[in-house]
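A short worksheet on the structure shown next.
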Amino acid sequence: MEEHFNFKKGTTTIGILCRDGVVLAADKRASAGYLIANKNVDKVHKITDNIVVTMAGLVSDAQLITKLLKAELKLRNIRSERETSVKEAGNLLANILYGNIRKFSAVPGIVAFLLGGKDETGFHLYELGVDGSILEAENFVSTGSGSILAIGVLETLYEKDLSVQDGVKLVIKALNAAIQRDMPTGDGMDVYTITEKGAEKVLSKKIIKVTQ
């Protein structure tokens, strides 16, 4: 994530769809150009008991949109007396992003999300672009400046029937690859899983880059 406006999203976020759940992860560094602005940023957030998002982009917009999504879903659940589906939550977030990017502003809101969750139809993972686009992932997805490094690891090691337990190990490897080589990605990682038991944080640790 970046503390000021920049089209390049300085972070690495990862989502993996597993046979028994979803794994979502991100690093903990916030950058401002070539300056490391913060080393302990939470970029993965539990929105409901069964839905988690990762965020990449302008910090202020990402934080505000995350809070708005959380509040809107809570209201929808109360009014409808049922849990909002993952697809409905994704479409709501997409609509918010669509409206956000098209508002006139001296500092345009550039922020993208990954959204994973569980509902009556199973486990789902979506990629939401800064323009409000929404795509459902069939296996894995990564966003941010370090995504090209993470995707190289995911392409090599991902298996279709991967368990959540092995998915956690895979995202750690993929994130570590980005942390070691991508300057805006670093300082640690947070990993969440979504299983039949719901969403929970399973890992939060600091990571130091290897210097040569």
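The values are calculated or read from the model by the stated rules, or taken from the named source; none is laboratory data. Source: prediction; values computed, not measured. Quick reminder, even Gly has a Cβ in these numbers, built from the backbone with ideal geometry, and neighbours come from all protein chains shown.
Which one of Ala37, Ala26 is surrounded by 24 or more Cβ atoms within 10 Å (Cβ to Cβ) and part of a strand (DSSP E or B)? Please lay out each step first, then the result.
Numbers: Ala37 fails: surrounded by 24 or more Cβ atoms within 10 Å (Cβ to Cβ).
After ruling out the rest, the residue left standing is Ala26.
Residue by residue, here is whether (1) out of contact with any helix residue (DSSP H, G or I) (no Cβ under 9 Å at 6 or more places or on another chain); (2) part of a helix (DSSP H, G or I); (3) among the β-branched types (Val, Ile, Thr) holds:
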{"residue": "Ile16", "(1), (2), (3)": "no, no, yes"}
{"residue": "Val22", "(1), (2), (3)": "no, no, yes"}
{"residue": "Val52", "(1), (2), (3)": "yes, no, yes"}
{"residue": "Lys67", "(1), (2), (3)": "yes, yes, no"}
{"residue": "Leu73", "(1), (2), (3)": "no, yes, no"}
{"residue": "Lys87", "(1), (2), (3)": "yes, yes, no"}
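Would you check if there is a residue in the range 71-91 being at pLDDT below 95, among the aliphatic types (A, V, I, L, M) and closer than 30 Å to Lys173 by Cα?
no
Just to check your reading of the model, which residue among Asn95, Asn50, Asn38 is at pLDDT 95 or above and not hydroxyl-bearing (Ser, Thr, Tyr)?
Numbers: Asn95 fails: at pLDDT 95 or above; Asn38 fails: at pLDDT 95 or above.
Being at pLDDT 95 or above and not hydroxyl-bearing (Ser, Thr, Tyr) holds for just one of Asn95, Asn50, Asn38, which is Asn50.
Condition test on Leu128, is it of a type outside the set (D, E, K, R) and more than 18 Å from Val53 (Cα to Cα)?
Details: of a type outside the set (D, E, K, R): yes; more than 18 Å from Val53 (Cα to Cα): no.
Taking the combined requirement at face value, the residue does not satisfy it.
Only one residue in Leu135, Leu69, Leu115, Leu64 is free of Cβ contacts under 8 Å to residues at least 24 places away in the same chain and surrounded by 14 or more Cβ atoms within 10 Å (Cβ to Cβ), so which one is that? Spell out how you get there, then give the answer.
Working: Leu135 fails: surrounded by 14 or more Cβ atoms within 10 Å (Cβ to Cβ); Leu69 fails: free of Cβ contacts under 8 Å to residues at least 24 places away in the same chain; Leu115 fails: free of Cβ contacts under 8 Å to residues at least 24 places away in the same chain.
Testing whether each residue is free of Cβ contacts under 8 Å to residues at least 24 places away in the same chain and surrounded by 14 or more Cβ atoms within 10 Å (Cβ to Cβ) leaves just Leu64.
Looking at (1) out of contact with any strand residue (DSSP E or B) (no Cβ under 6 Å at 6 or more places or on another chain); (2) closer than 15 Å to Gly146 by Cα, can you tell me which one Thr48 breaks?
Failed condition: (2).
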